[in-house]
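Scroll down for the structure; my scribbles are underneath it.
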Amino acid sequence: MAGGDESCQQAGGDALQKLARFRRELFWCLWRRPDALFELIDAVLAAGYAGSLPYLSLEPAFRRGHGMVYQALSEGGIDEEALRDLLVAWRPRDWPLVFAIDASAYPRPGAETSPGREWHHHSCPGSHGSDGAAVAGWAFQWLAQVSFAPGSWTAPQDQVRAGAGDDATRQAAEQVIAHSARMRAAGEAGIPLYVLDAGYDEAPLTWDLRGHLDRVQVLVRLRNDRVLYRDPPPRVPGRAGRPRIHGSGSDRFECKNPATWGPPGQELAVDDEKYGHVSVMSWDGLHPKLFCRGRFAGFSKPPVIRCHLVRVTVTRLPNGRAVPGPLWLWWAGPGIPDLDLIWRAYLHRFDIEHTYRFAKHALGWDKAALRHPGQVGRWTWLIICAITQLRLARPVAEDHRQRWERRRKPGKLSPGRVRRDFGRLAALAGTPASPPKPSKAGPGRPKGRTSTPAARHPVIKKAA
């Protein structure tokens, strides 16, 4: 028993040292107002609930005045490329190389003085699925590594503002290319899998990644009514007319019509504790019929973009709800798809939704009333760094459970429970931020100066 206690103490000491080292390296990525930005992260993690930013200045972890909260977010500087490298370097090495990409709305419906607001889908209380309303604001697209273990933990490693002058699909492709390059630079030899939902255009995404599909693989959900095509039969010698690009008749693949499927190239059947009997089938060499408009406007002829089409069915759901229709997935990458990895990866894609919920409801990500999207971008990086510190502190966090909560084993705590003990761990790990310097109140507004109303900006309506 004594030896076991010593090994547990040693593991706890190593985890605490890792947390302290990450905090120091994180501080080096903050190059303007670094002390205020760093203490703002600690205040977010220490606060029970902060309805707005000024309340964070009341936390003991934030040793500066309330004005420095807004000053840090408006004038602070973050080396985003160095921070992305840091988050990749501190990724969980024992998790699969599966990364979810998704965007979440940052609502600012009444902020008429905020520029660049667009209409984004936003789930409102009482809405379900696609019935959610549209809200004026910004959207931020996160890239996070997911785990196949039960729980709500993810490891966010990148974020960009979605829809800022470009479509989210192209931005997702840029994120994939940049992130995979960082993974290789960090010494990762495996091929990462990036999973996206049906809100992204699978063919344009694959086209944007056409020079990188030997090093990455992508998985995108398709609608159940999609129609794809096989290659046409060989052309008859001497036959007049333009060569066909897509097959027809028996070469047509309709997801809703099993008679058009034909034998799959791969099949997998497994029995899972949560989902019952899982059946996975895939067909290769399929491609959609594209046109020279939208993403491919200006092309002399539309490209032929091939994929592996994957169909997943289960016999039950963990929550006891009725089993929906089959899940159709578009896969593109080197070689042939790993069917067992694919179905598990897409189901765990929804873990990023738990991360968004925790960031908004517990950490107050969408509660900051900031005017400019650049300020929200800095605030988003601070939230991601807070989530990363919670993950690193998980092995040594103590369980401060409520009376109605069940006990959990050490190292098995949820993000919310780790947060309850983070103040103690932050004190043990130390802070690289310098204490505030003594100062006096500023001169205030110069005499005779008048302020004019801020400019109003209409909400941008994106083209259909």
Once the dipole of the stretch 302-387 is set up with Lys and Arg at +1 and Asp and Glu at -1 on Cβ about the Cα centre, which of ASN319, GLY333, LEU309 lies farthest towards its positive end?
-> ASN319
What's the carbon and sulfur percent of the stretch 135-194's accessible surface, probe 1.4 angstrom, rounded to a whole number?
-> 57 percent
Return the FRET efficiency for the residue pair HIS400, ARG226: r is the Cβ-Cβ distance, R0 is 45 Å, and the value is rounded to the nearest 0.05.
-> 0.40
Options (1) 22.8; (2) 30.2; (3) 29.2 are given for mean projected area of the Cα convex hull in nm², and the computed one is (3)
Give me the accessible area of SER248, 1.4 Å probe, in Å² rounded to the nearest 10.
-> 60 Å²
By accessible area with a 1.4 Å probe, ligands and nucleic acids excluded, highest first: order of TRP119, TRP404, TRP142 = TRP404, TRP119, TRP142
Rough spin-label spacing in nm, given labels placed 7 Å along Cα→Cβ, for SER439 and ALA427 = 2.7 nm
Listed residue (GLN402, THR450, TYR275) projecting farthest to the positive dipole end of the chain, Cβ model | THR450
Just how much of HIS348 is accessible, in Å², when a 1.4 Å probe is used and the result is rounded to the nearest 10?
-> 40 Å²
Residues listed by number, the stretch 330-366, amide nitrogen under 17 Å from SER152 label point at 7 Å toward C-beta = 348-366
For the stretch 50-100, what % of the accessible area comes from carbon and sulfur atoms, probe 1.4 Å?
-> 53 percent
FRET efficiency estimate (nearest 0.05) - Cβ-Cβ, TRP95 to LEU213, R0 25 angstrom | 0.65
The chain: longest stretch without exposed GluC sites (Glu not before Pro) (DSSP loop, at most 12 other Cβ within 10 Å), sites themselves excluded?
-> 1-272
What angle, in degrees between 0 and 90 and rounded to the nearest 10, separates the Cα long axis of helix 80-89 from the longest principal axis of the Cα atoms of the chain?
-> 80 degrees
Accessible-area order (highest first, 1.4 angstrom probe) of the listed residues LYS360, LYS447, LYS301 | LYS447, LYS301, LYS360
Between ALA297 and ARG408, the two model label points (7 Å from Cα along the beta-carbon direction) sit apart by a distance in nm of 4.8 nm
Can you work out the accessible area per residue across the chain, with the rest of the protein chains kept in place, probe 1.4 Å, in square angstrom?
-> 51 Å²
Partner lysines for LYS409 [C-alpha distance under 30 Å; skip if fewer than 8 residues away on the same chain] = LYS18, LYS274, LYS360
A correct Karplus calculation of ³J(HN,Hα) over the stretch 449-454, with 6.51 cos²θ - 1.76 cosθ + 1.60, θ = phi - 60°, whole Hz and x for Gly and Pro, returns 7, 10, 9, 9, x, 5
Using unit Cβ charges (K, R positive; D, E negative) and no other charged atoms, how large, in debye to the nearest 20, is the dipole of the stretch 197-335 about its Cα centre?
-> 740 debye
Theoretical gain in end-to-end length, LYS274 to SER451 [0.36 nm per residue, Cα-Cα removed] = 57.6 nm
Listed residues ASP208, ASP421 arranged by accessible area, highest first, probe 1.4 Å = ASP208, ASP421
Which entries in LYS256/LYS367; LYS301/LYS461; LYS256/LYS301; LYS367/LYS440 show an alpha-carbon gap greater than 32 Å?
-> LYS256/LYS367
Divide by every residue of the chain the summed helix terms, -39500 (n - 2.57) for each DSSP H run of at least 4, and state the resulting mean residue ellipticity at 222 nm, rounded to the nearest 500 deg cm²/dmol.
-> -9500 deg cm²/dmol
Relative contact order for the stretch 178-298: what is it in percent, counting Cα pairs under 8 Å that are at least 6 residues apart?
-> 20 percent
Expected vector for the stretch 270-281, Karplus 3J(HN,Hα) from phi with 6.51, -1.76, 1.60 and θ = phi - 60°, integer Hz, x for Gly and Pro, equals 9, 9, 10, 5, 8, 9, x, 7, 10, 10, 10, 10
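The values are calculated or read from the model by the stated rules, or taken from the named source; none is laboratory data. Small disclaimer: the values here were computed from a predicted structure and weren't measured. Here Cβ is always computed from backbone atoms with ideal geometry, including for glycine, and neighbour counts include all displayed protein chains. Remember, those area values only see protein heavy atoms, side chains included, never the ligands or the DNA or RNA. Shrake-Rupley method; radii C 1.70, N 1.55, O 1.52, S 1.80 Å.
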